[in-house]
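The values are calculated or read from the model by the stated rules, or taken from the named source; none is laboratory data. Note that the structure is a prediction, hence the values are computed from the model and not measured. Cβ sites come from the backbone with ideal geometry, for glycine too, and all protein chains shown count toward neighbours.
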Amino acid sequence: MDPKETLVAARRTKLRLEALMERRSWHEQMQQCHSGGGSESLSRLQQALDRQIDEAVRQEQAAMRQIEALADPRQREVLCYRYLNGWKWKESAVRMGYSPDWVKHMHADAIRTMEMLKDDEIR
């Protein structure tokens, strides 16, 4: 998987993690309401959700390690805003104090740098 695909996957993972956390919370509430026979199936579902959450967290941490490998803090910042926070170009630009075009340029530089770092690892 190339660096950009990893970051897009991290964004999807973050969204999935948020949904899973909501489901887990709902199931915990349901488990508290049911003191009878349904609690065993709720418990199994809770365990399955916990495993999915653990996997989503591992994927997000892997993306963070790749972002943190970048030397330029602006590149790290733009990638975090874009992929981990899910912000649009304009939101990132306002936060960073740059034009949206400049943020896109920094993004492209960050992706190229990540690709070079990955190539260096392979060698």
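Whenever a residue of region 98-112 is closer than 18 Å to T6 by Cα, its partners that are loosely packed, with under 14 Cβ neighbours inside 10 Å, lying with C-beta atoms within less than 9 angstrom and at least six residues away or across chains, give the pairs M106/D72; D109/D72; A110/D72; I111/D2.
Conditions (1) basic (K, R); (2) under 20 Å from the mean Cα position of the chain (by Cα), marked per residue:
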| site | (1), (2) |
| --- | --- |
| R44 | yes, no |
| P73 | no, yes |
| L79 | no, yes |
| N85 | no, yes |
| K88 | yes, yes |
| M106 | no, yes |
| T113 | no, yes |
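Of the helices (runs of 4 or more DSSP H) contained entirely in region 1-120, not one carries at least 3 residues that are out of contact with any strand residue (DSSP E or B) (no Cβ under 9 Å at 6 or more places or on another chain), modelled with pLDDT of 90 or more and loosely packed, with under 14 Cβ neighbours inside 10 Å. Screening A93, A63 for residues that are closer than 14 Å to T6 by Cβ and among the aliphatic types (A, V, I, L, M) leaves exactly one candidate, A63. Residues in region 50-60 that are within 17 Å of E5 (Cβ to Cβ) and of a type in the set (D, E): E60 only.
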